[in-house]
Amino acid sequence: MIAVDWGTTSLRVFRLDERGHVREQRRSARGILAAEGRFVAVLREEIGDWDDRLIVMAGMIGSRQGWFEMPYVDCPAGLDEIASALQRLPADEFADREIWIVPGLRSRNDSGAYDVMRGEETQICGVLAELASQPQTVCLPGTHSKLATVANGRVERFATAMTGELFELLCSHSVLGRLMQPGEHDADAFAQGVAHAARAGDLLHHLFAVRTLGLFDALQPTQLRPFLSGLLIGHELNDLPTSAGSVHLVGASTLLAAYKAALALRGHAVHEHSELASAHGCYALAKQAGLLTQK
């Protein structure tokens, strides 16, 4: 089968064997924004000569801006609930194949506000077999990071933090970025940011320290970005109880490094899972839904 992780800004396709192992993979920057509605053409170009009949797609391709809008499945949900909500895409252009889309996941907090995810639920499905049955914390860093609680093979609840997006906005379009200069990652400045986030006060007040630390030369211009990164990630992790113990990190290694460092500074053990989790999740869902012919 072919697994497709189609996000807002990136597209990854994986060719899997009958056991769900990744045989080949391709990556491009043609997310749903760059595809500009040319989903059929882009998918054909990306999979090229791969002739596998079954294609399972996850991510923002199933959003309102994507190819076909998929509903959200309410938490708690695991492989069974998500797989039963898979829908086959009515695509005449791919009459020789079966294309299925994974639904999103929805969680409601105590105040009645919703959190949603598209793509991360498939990554979680890809690592479920590696998680213990008792409650586990899964962190999925990204533009909109997720902290999820998983127990007995089901996502019980999750929360979203706009950490990555806020970081880019503040660096590029705020007064905080005026004093910043590019440079090598500074682990000490990052650690200072993580520690600062644990102090009394809220994020809105803490953010101004990025400017004053640079203004009075307490941090060098090249240290301000890592400090801000640590500050934002630290605030995201403030909602993580100290009793959480080990945290499972899922995603690309470039994203995981900062979170691994921040979690270690907060005293949490970390278990890393590769970005292949999305491909493994597509396979697990296809198998659960009976779309694969087992040999």
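The values are calculated or read from the model by the stated rules, or taken from the named source; none is laboratory data. Quick caveat, the model's predicted, so the values are computed rather than measured. For neighbour counting, all protein chains shown are included, and Cβ atoms are generated from backbone atoms with ideal geometry for every residue, glycine included.
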Just one listed residue, out of Ile99, Ile61, is assigned to a strand (DSSP E or B), free of Cβ contacts under 8 Å to residues at least 60 places away in the same chain and under 22 Å from Leu43 (Cα atoms), and it is Ile99
Just wondering, is there one or more residues in region 89-105 that are among the small types (Gly, Ala, Ser) and exposed (fewer than 12 other Cβ atoms within 10 Å of the Cβ)?
-> yes
Among the candidates Gly78, Gly104, Gly112, Gly66, single out the residue that is within 16 Å of Gly37 (Cα to Cα), of a type in the set (Gly, Ala, Ser) and in the same structural domain as Val42 (by TED's automatic domain parsing).
-> Gly66
Pairs, first within 15 Å of Leu285 (Cβ to Cβ) in region 103-117, second of a type in the set (Asp, Glu) and surrounded by 12 or more Cβ atoms within 10 Å (Cβ to Cβ), C-beta under 7 Å, six or more apart | Gly104/Glu121; Leu105/Glu121
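Among the residues of region 267-276, count how many are farther than 28 Å from Ala3 by Cα and buried (at least 18 other Cβ atoms within 10 Å of the Cβ).
1
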Looking only at region 286-295, decide whether some residue is surrounded by fewer than 16 Cβ atoms within 10 Å (Cβ to Cβ), in contact (Cβ under 8 Å) with a residue 40 or more places away in the chain and closer than 26 Å to Gln134 by Cβ.
-> yes
Among the residues of region 158-182, how many are part of a loop (DSSP other than H, G, I, E, B) and either on the phi > 0 side of the Ramachandran plot or buried (at least 18 other Cβ atoms within 10 Å of the Cβ) (or both)?
-> 1
Filtering region 169-187 down to residues that are touching a residue at least 24 places away in the same chain (Cβ under 8 Å) and either under 24 Å from the mean Cα position of the chain (by Cα) or within 18 Å of His235 (Cα to Cα) (or both) yields Leu170, Cys171, Leu176, His185, Ala187
Could you check how many residues of region 68-115 are polar (S, T, N, Q) and in contact with an Asp or Glu (Cβ under 6 Å, 6 or more places away or on another chain)?
-> 1
If you scan region 218-255, which residues turn out to be over 18 Å from Glu184 (Cα atoms) and not in a helix (DSSP H, G or I)?
-> Asn238, Asp239, Leu240, Pro241, Gly245, Ser246, Val247, His248, Leu249, Val250, Gly251, Ala252
Members of region 9-21 found to be in contact with a strand residue (DSSP E or B) (Cβ under 7 Å, 6 or more places away or on another chain) and more than 29 Å from Glu165 (Cβ to Cβ), listed by number = Arg15, Leu16, Asp17
Is at least one residue of region 214-230 at pLDDT 95 or above, on the phi < 0 side of the Ramachandran plot and within 20 Å of the chain's Cα centre (by Cα)?
-> yes
Which of the residues belonging to region 116-136 are part of a strand (DSSP E or B) and at pLDDT 95 or above?
-> Val116, Met117
Restricting attention to region 30-74, report how many residues are more than 16 Å from Arg12 (Cβ to Cβ), touching a strand residue (DSSP E or B) at 6+ places or on another chain (Cβ under 8 Å) and surrounded by fewer than 21 Cβ atoms within 10 Å (Cβ to Cβ).
-> 8
